[in-house]
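Here's the structure, in structure tokens; my notes come after.
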Amino acid sequence: MAKPAILAVDDDFAVLNAVERDLRQKYGRDYRILKARSGREALDTLAQLQARTELPALFVVDQRMPEMSGVEFLEKAILLFPEARRVLLTAYADTEAAIQAINKVGLDYYLMKPWDPPAENLYPVLDDLLAEWHAHARPEYEGLRVVGALWSPESHVIKDFLVRNQVPYLWMDADTDPQARALAEAANQGVARLPTIFFPDGTVAVDPPILDLAQRVGLQTRAALPFYDLVIVGSGPAGLAAAVYATSEGMRVLVIEKKAPGGQAGSSPRIENYLGFPSGISGGELARRAVSQAKRFGAELLTAQEACRVEIRDPYRLVALADGSEVSCHAVLLAMGASFQTLKAPGAAELTGKGIYYGAAHTEAISYKDQEVVVVGGANSAAQGAMYLSRFASRVTVLVRGPHATASVYLVEAMKQNPRIEILAHTDLVGATGDLHLESVDVRNNATSESRSLTARALFVFIGVRPQSEIVADLVLCDPKGYIYTGPDLLQAAGGRPKGWPLDRDPLLLETSVPGIFAAGDVRFGTNHRVASATGEGGIAVAMIREFLRAK
């Protein structure tokens, strides 16, 4: 940690130099001695200290300064550094002002100028104050800091990205923490622009694009090679399993992920029916282990990069990325998974990110401690989310459209036995209400047509799934919902080999209507939307890809 600072502020150049000289003579070895000729200049210095996560231990400030008095400066400074000790330099006539400032800004001491000799009139006072500061000071968090607001959609996007990619950061809420707001204002010319991100190197960014943020926190965003044996689009369980198996067998593999490893499963607070983890494992931890395993074998993982197009340039396949770059390969595995359906109810779009979240239980749960929240959905993801939320929220109401939840039996039983969870069957969400943030939801019983309103500070949505197959919708054969046909399902849907199929063989298991392009996991027609199934399909896909490469 950098040495703490002592900041001297005085508009009189001769006096300022004298203060600096005396401070440096006694404290220069253990403290950084800084000076400023105005309150505004001093606040700029404090903003730089905040950006570098450095601490000031002491302010020594002249009272009579133009534009901003010493007390006015201290009023602003203590919002940024409330632990710093405060000394006011006064002339004889300013004694009354100094006494009033003791209550106004918690002044620790005032010194009348001149203070010679410093060994008798300055150092003993400052020694006591600095000793007191060291006894109570808390070191600043030196990592990534995010100043945002709970009901800011932009702040939620940043938080969710960092959480899903397991990047450590300190969250500071500008709506509830005056010091956080003052920090954002100091970095943005007096305006609290949110979210403001403070990097450990002292630089600051306001609501940066996710790709830029990924680069700044050290995630790989560009491919190291122009050509790979296999390019995997998506890093859910299927994509990560394929990456592990393919690289362990010597293939050069690139994985492209537009959000975060783990896919939909990666946001699950706890998966308890996955083989080999009797106590359960979070989706994020499972993804972390899989990524580490794949990288150990040599796989590359691009994060915050979106594949926007797949092309055939025989004998190769090409994947174009949203940033304009391209990678070529022998084979492509489509493992983009599926996303949750968005709500169509009135008010839902306007309140997304302001209390309405898709998945994200792990990211936002702590923000709703002792609050009432609602979960929409009855499958495994919804049940896992409800169980996790119940650790924080005072009440979790689960809306299930059908007669009962469709989650695994152990999850349904766990919800029924949880006193904080209530399951409402035959219930549709028909509206969301709130001004600046979600306040309540309107629901209707689809069996009795009875309607009512539920208090809700947050709504977590886990309904339906939509395959993310848009980038190949015009390239490979899909069903009307967008699921990609493969293998035997493809032959059945096409009534034989698909139109334009160029090879004298049937499509391989998990191969699409284009040779060399395979699909696995939730994006594939016929999958059963389970983590274990997706993992298995990733392994099977690699076996089929090896067969395809041998034939080439």
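The values are calculated or read from the model by the stated rules, or taken from the named source; none is laboratory data. Quick caveat: nothing in here was measured; it's all calculated off a predicted structure. Counting neighbours? That spans all protein chains shown, and the Cβs are built from the backbone with ideal geometry, glycine included. All accessible areas refer to the heavy atoms of the entire protein, side chains included, with ligands and DNA or RNA removed. Shrake-Rupley method; radii C 1.70, N 1.55, O 1.52, S 1.80 Å.
To put it simply, the accessible area of the chain at a 1.4 Å probe is 51 percent carbon and sulfur. Shape of the range 333-471 from its Cα gyration tensor (a ≥ b ≥ c, root eigenvalues): rounded if a/c is under 1.5, otherwise prolate when a/b > b/c, or oblate? In terms of gyration-tensor shape, rounded.
Annotation for Ser38 and Ser408: the two label points, set 7 Å from Cα along the Cα-Cβ direction, are 6.5 nm apart. Each Lys and Arg adds +1 at its Cβ and each Asp and Glu adds -1 at its Cβ; summed about the Cα centre, the range 33-92 shows a dipole of about 120 debye.
Using only the Cα atoms, what convex hull volume per residue in Å³ does the range 312-402 have? Can you show the working numbers first?
Values: hull volume 16.0 nm³, N = 91.
Spelled out: Cα convex hull of the range 312-402, divided by residues, is 175 Å³.
Placing +1 on the Cβ of every Lys and Arg and -1 on the Cβ of every Asp and Glu, with nothing else charged, gives the range 400-552 a dipole about its Cα centre of roughly 320 debye. Modelled this way, with points 7 Å down the Cα-to-C-beta line, the labels at Lys499 and Met112 are 9.9 nm from one another. In units of the rule-of-thumb radius 2.2 N^0.38 Å, the range 110-152 shows an alpha carbon radius of gyration of 2.03.
When the trypsin sites (Lys or Arg not before Pro) in the range 261-311 are filtered for DSSP coil states and for at most 12 other beta-carbon atoms within 10 Å of their beta-carbon, no site remains.
How far is helix 283-297 tilted off the main Cα axis of the chain, in degrees rounded to 10, range 0 to 90? On a 0 to 90 degree scale, this one is about 80.
Say R0 is 25 Å: what FRET efficiency, to the nearest 0.05, do Phe277 and Gln417 get from their beta-carbon distance?
Working: r = 22 Å, r/R0 = 0.86.
Efficiency, rounded to the nearest 0.05: 0.70.
Rounded to the nearest 20, the Cβ-based charge dipole of the range 367-482 about its Cα centre (Lys and Arg +1, Asp and Glu -1) stands at 340 debye.
With only the Cα atoms considered, the range 460-518 has a convex hull volume of 97 Å³ per residue. Classified by the C-alpha gyration tensor, the range 174-239 has a prolate form. Its axis ratio a/c, with a ≥ b ≥ c, is 1.5 or above, and a/b is larger than b/c. Computed from Cα atoms, the angle from the helix 531-551 axis to the main principal axis of the chain rounds to 60 degrees. Across the range 385-430, counting alpha-carbon atoms alone, Rg and Dmax equal 10.3, 29 Å.
For a Förster distance of 45 Å, can you work out the FRET efficiency between the beta-carbons of Gln341 and Lys295, rounded to the nearest 0.05? Spell out each step's value before the answer.
Details: r = 33 Å, r/R0 = 0.73.
Step by step, r from the Cβ atoms, then E = 0.85.
Size estimate for the range 256-349 follows the Kirkwood approach: the inverse of mean 1/r over distinct Cα pairs works out to 15.9 Å.
May I ask you to derive the FRET efficiency for Ala532 and Val15 from their Cβ-Cβ distance with R0 = 60 Å, giving the value to the nearest 0.05? Approximately 0.25, to the nearest 0.05. Annotation: the range 435-552 has a Kirkwood hydrodynamic radius of 17.1 angstrom, from the mean reciprocal C-alpha pair distance.
DSSP loop (so not H, G, I, E, B), at most 13 other Cβ within 10 Å: list which GluC sites (Glu not before Pro) in the range 419-483 pass both filters. Numbers along the way, then the final one.
Details: sites: Glu422, Glu439, Glu450, Glu470; in loops: Glu439, Glu450.
Those that pass, being in a loop and sparsely packed, are Glu450.
Taking all protein chains together and a 1.4 Å probe, the residues His404, His156 rank His404, His156 from largest to smallest accessible area. Across all directions, the average projected area of the convex hull around the alpha carbons of the range 1-95 is 5.9 nm². Considering helices alone, the calculated mean residue ellipticity of the chain at 222 nm is -10000 deg cm²/dmol, with DSSP H runs of length four and up weighted by -39500 (n - 2.57) and normalised per residue.
How much length is gained on full extension from Phe227 to Ser325, taking 0.36 nm per residue of separation minus their Cα-Cα distance?
This chain segment gains 34.1 nm when fully extended.
Beta bridges assigned by DSSP with both partners in the chain are antiparallel in approximately 35 percent of cases. Between Ala2 and Val157, the contour length at 0.36 nm per residue exceeds the alpha carbon distance by 52.6 nm. Can you find, among Pro66, Ala458, Leu150, the residue farthest towards the positive end of the dipole of the chain? Put +1 on the C-beta of Lys and Arg, -1 on that of Asp and Glu. Positive-most Cα among the choices belongs to Ala458.
Think of the chain as having a plus end and a minus end, set by charges on the Cβ of Lys, Arg, Asp and Glu; of Leu130, Tyr388, Ser279, Ser279 sits farthest toward the positive end of this dipole. Full extension of the segment from Asp506 to Glu67, taken as 0.36 nm per residue of separation minus the current Cα-Cα distance, would add 149.9 nm.
Note on the chain: percent of Cα-Cα distances in each 10 Å bin, starting at 0 and stopping at the bin with the largest distance, equals 3, 16, 20, 19, 16, 12, 8, 4, 1, 0, 0. Roughly what angle does helix 70-80 make with the longest principal axis of the chain, taking Cα atoms, 0 to 90 degrees, to the nearest 10? Approximately 30 degrees, to the nearest 10. Taking the charge dipole of the range 392-436 about its Cα centre, with +1 at Lys and Arg Cβ atoms and -1 at Asp and Glu Cβ atoms, the residue from His426, Leu411, Thr397 reaching farthest to the positive side is Leu411.
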